[in-house]
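Accompanying notes for the structure given below.
The values are calculated or read from the model by the stated rules, or taken from the named source; none is laboratory data. As the structure is a prediction and not an experimental result, all values here were calculated from the model. Heads up, the Cβs are rebuilt from the backbone with ideal geometry, glycines too, and the neighbour counts pull from every protein chain shown.
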């Protein structure tokens, strides 16, 4: 019974995905490529794994430059020198440019290191997209109130991360399109 309920919930959450927002993300990705910018993926825990997967596929398959801050030396050096709550902001100061798109993944939308990095982006007019879970009133959504936000209405970390993964990888499929897949998707 648990599995049936679990997959029913995934199906319900899939039906809540705003296709218009996915199309808007596709446009942002293509615009970033046109501006010769890069996509910087940011997350913590399991979300950084999704960031890494998306970043590699975006670069290799969609031919859009992308990086993620998943390097132990960078994380530990910047966390030690600037505090864990500021390491991502400091990494963006070093790596982000106005032509870039910064994407934030956080189930809670409350992680202080992500909040500080997003605040830096907003103050410096660097385009940002947030993918969160739980409440639509989380800090990342509130800070990026005029930007593109994806929110999965669930407090289950795994369900939120699954839906983030589906959202991101389906956007890559939209970018590369049927030329690579031989279908009308």
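Miscellaneous remarks
- Evaluation of residue 81 against the conditions (1) free of Cβ contacts under 8 Å to residues at least 12 places away in the same chain; (2) in contact with a helix residue (DSSP H, G or I) (Cβ under 9 Å, 6 or more places away or on another chain); (3) farther than 22 Å from residue 119 by Cβ shows that the sole unmet condition is (3).
- A search for C-beta distances below 9 Å between a residue of the stretch 11-24 that is at pLDDT 95 or above and any residue that is in a helix (DSSP H, G or I) and surrounded by 10 or more Cβ atoms within 10 Å (Cβ to Cβ), counting only pairs 6+ apart in sequence or on different chains, returns 21/167; 22/167; 22/170; 22/171; 22/174; 23/171; 23/174.
- Residue that is surrounded by the fewest Cβ atoms within 10 Å (Cβ to Cβ), among those in the stretch 22-36 that are within 20 Å of residue 105 (Cβ to Cβ) and in contact with a helix residue (DSSP H, G or I) (Cβ under 8 Å, 6 or more places away or on another chain): 23
- From 11, 47, residue being in a helix (DSSP H, G or I) and surrounded by fewer than 14 Cβ atoms within 10 Å (Cβ to Cβ): 11
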